[in-house]
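J.: Structure provided below as structure tokens; questions to follow.
Rule-based calculations on the coordinates, nothing more; no lab input. Small disclaimer: the values here were computed from a predicted structure and weren't measured. Note: ideal-geometry Cβ built from the backbone for every residue, glycine included; neighbour counts use all protein chains shown.
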Amino acid sequence: MNYLVVGAGLFGATFAHEVVKHGNHVTVLEKRDHIGGNIYTKEIDGIQVHQYGAHIFHTRSKKIWDYINRFAEFNRYTNSPIANYHGKIYNLPFNMNTFHQMWGVVTPQQALAEINRQRSEMNGKSPKNLEEQAISLVGKDIYEKLIKGYTEKQWGRRATDLPAFIIRRLPVRLAYNNNYFNDPYQGIPMGGYTQIIEKMLGNNNIKVKINTDFFDKKESYIKNYDKIIFTGMIDRFFDYQLGELEYRSLKFETEEMGIGNYQGNAVVNYTDSQTPFTRIIEHKYFEFGKGDKNKTIITHEYPQTWHRGDEPYYPINDRINNEKYKNYTQLAQSVPNVIFGGRLGQYRYYNMDQTIMASLQLVKRVLEDKE
Ligand code: FAD
Ligand code: UDP
């Protein structure tokens, strides 16, 4: 088979890597001037700079962990972001350190009693939106200082208008443990993420074309390839016929500083509503001991309203968008040789491990169909 993969991100690269093992040929188109999609990292002054925001690999699947480790050696980085609320520092995710900083409590029993007191206004009713979910998980103080401002900046809408699942991504723990993730496997590839995509695509039966937008020759690609794996925006593919899906965009401002240590941590979140950015990342902290001791590189991350032509970093999975997406999947039946995959093609808030898992499942499905 002759496959066309649109997008050289993690989904497309995993698909291409696997499918050529079965005698197929793949052409990969990428509209950016580099491969890797949003996991792309670039070395500057000996530091791997995460060009599209902090990327920490974490998974609960041993299978996916073993899979990704074939392409790079991982360090033991554990993500422990710090929250800065009007100059006061709190640990994340919400754990005994946070509860102690917020209320002076010392034991898990004391912390639980305070959380219970603060969430009693929920009266045990099931949360209908992000605000209610947050209050019922950690109470009002933490919601107001560490969640509300950050969330409303990040998503550009009120926390009462956002789905509850978004805040359930973060652990809540009655333990002194600042690990942002519960997954047993976590790390950063030493030498960056781009090498992973390079290795995945490094096969004579894979042809990669960067600076090439699928929409420049959409009809001829559809005619000339047996199957197309499309990892761009599904609504754009259909010329927004059923209306636009909503996305959140970001602006990254990266600067090199003439000091060795800017903030003492890889990720610091600014959780108040006035500061226009959500977080600052200091890249050298992702890989211990790297880079010049008199220099550092930091990136401010500013959430942005998405307009046509902007990079769509986050799907906004509320009820209306999810329904619209479902209608697009129906429309997709009109183009049987095109399969939509990845964070944009499937309009899902996929982490990297979920992206790989979804891509491997697609490979299996496609190979079984052929037999
Ligand atoms: P993408 O990486 O978006 O790749 C799609 C590619 O398709 C892009 O390169 C795009 O340019 C290309 N493309 C689109 N349209 C066209 C077209 N018309 N023609 C040609 N090419 C096209 N996950 C984690 O597990 N841990 C993290 O810490 C983490 N942090 C994140 C932080 C941020 C700010 C963001 C935005 C995401 C984060 N993720 C994280 C999620 C992770 O980035 C995704 O799971 C992964 O990159 C999805 O891969 P993909 O191939 O589906 O999409
Ligand atoms: N969040 C928050 N305060 C924080 C960090 C996260 O309120 O300091 C909320 C916010 O709504 C965010 C969600 O938790 O969108 C998920 O956070 P995560 O760090 O998983 O977001 P991502 O890295 O995907 O942007």
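J.: With a Förster radius of 22 Å, plug the Cβ-Cβ distance of Leu112 and Lys88 into 1/(1 + (r/R0)^6) and report the FRET value to the nearest 0.05.
T.: On the way: r = 23 Å, r/R0 = 1.04.
Efficiency, from the Cβ-Cβ distance: 0.45.
J.: Run the reach check for Lys370 against aspartates and glutamates, Cα to Cα strictly under 20 Å, same-chain hits fewer than 8 apart removed. What comes back?
T.: Cα-Cα hits under 20 Å: Glu18, Asp226.
J.: By how many nm would the segment from Lys21 to Asp216 lengthen if fully extended, with 0.36 nm per residue of separation less the alpha-carbon distance?
T.: On the way: separation 195, 0.36 × 195 = 70.20 nm, distance 2.94 nm.
Additional length available on full extension: 67.3 nm.
J.: Restricting to Cα pairs below 8 Å that are 6+ residues apart, what does the relative contact order work out to for segment 223-371? Please round to a whole percent. Kindly include the intermediate steps, with their values, before the conclusion.
T.: Details: 209 pairs, mean separation 47.9, N = 149.
Over segment 223-371, the number comes to 32 percent.
J.: How big, on average over all directions, is the shadow cast by the Cα convex hull of segment 1-44, in nm²? Kindly include the intermediate steps, with their values, before the conclusion.
T.: Values: hull surface 13.4 nm².
Across all orientations, segment 1-44 yields a mean hull projection of 3.4 nm².
J.: Are there any chymotrypsin sites (Phe, Trp or Tyr not before Pro) in segment 332-371 that are in a DSSP loop and have at most 16 other Cβ atoms within 10 Å? List them by number. Working shown, then result.
T.: Numbers: sites: Phe340, Tyr347, Tyr349, Tyr350; in loops: Tyr347, Tyr349, Tyr350.
Here the chymotrypsin sites (Phe, Trp or Tyr not before Pro) that fit, given the DSSP loop and packing criteria, are Tyr349.
J.: If one computes the Cα centroid of segment 220-270 and of segment 132-172, what distance in Å separates the two points?
T.: Taking the Cα centre of segment 132-172 as reference, the centre of segment 220-270 is 23 Å away.
J.: Between Ala175 and Phe74, what is the label-point separation in nm under the 7 Å Cα-to-beta-carbon projection?
T.: Label at Phe74, label at Ala175, 1.8 nm between them.
J.: Please sort by residue number the GluC sites (Glu not before Pro) in segment 35-134 whose DSSP state is loop and whose Cβ has at most 15 other Cβ atoms within 10 Å. If you can, show how the numbers build up before the last one.
T.: Values: sites: Glu43, Glu73, Glu114, Glu121, Glu131, Glu132; in loops: Glu73.
Hits after loop and neighbour filter: Glu73.
J.: Which of the lysines could be linked to Lys217 by a straight reach, that is with a Cα gap under 24 Å, when you skip same-chain ones fewer than 8 residues away?
T.: Straight-line reach from Lys217, under 24 Å: Lys31, Lys207, Lys209, Lys227.
J.: Something else: Extension gain Arg319-Asn2, at 0.36 nm per residue separation less the Cα-Cα distance, in nm?
T.: Working: separation 317, 0.36 × 317 = 114.12 nm, distance 3.69 nm.
Extra length available between Arg319 and Asn2 comes to 110.4 nm.
J.: Which helices of the chain meet both criteria: a Cα extent of 15 Å or more along the helical axis and a mean Kyte-Doolittle score no lower than -1.0, with helices taken as whole DSSP H segments?
T.: 352-370
J.: Related question: Relative to the present Cα-Cα distance, how much length would full extension add between Glu253 and Asp369 at 0.36 nm per residue of separation? If you can, show how the numbers build up before the last one.
T.: Working: separation 116, 0.36 × 116 = 41.76 nm, distance 4.52 nm.
The span from Glu253 to Asp369 would gain 37.2 nm if fully extended.
J.: Anything over 32 Å Cα to Cα? Flag those among Lys63/Lys326; Lys62/Lys128; Lys251/Lys290, in the order listed.
T.: Violating the 32 Å Cα-Cα cut-off are Lys62/Lys128.
J.: With the crude spin-label approximation of a point 7 Å out along Cα→Cβ, what separation in nm comes out for Asp161 versus Lys293?
T.: 5.1 nm
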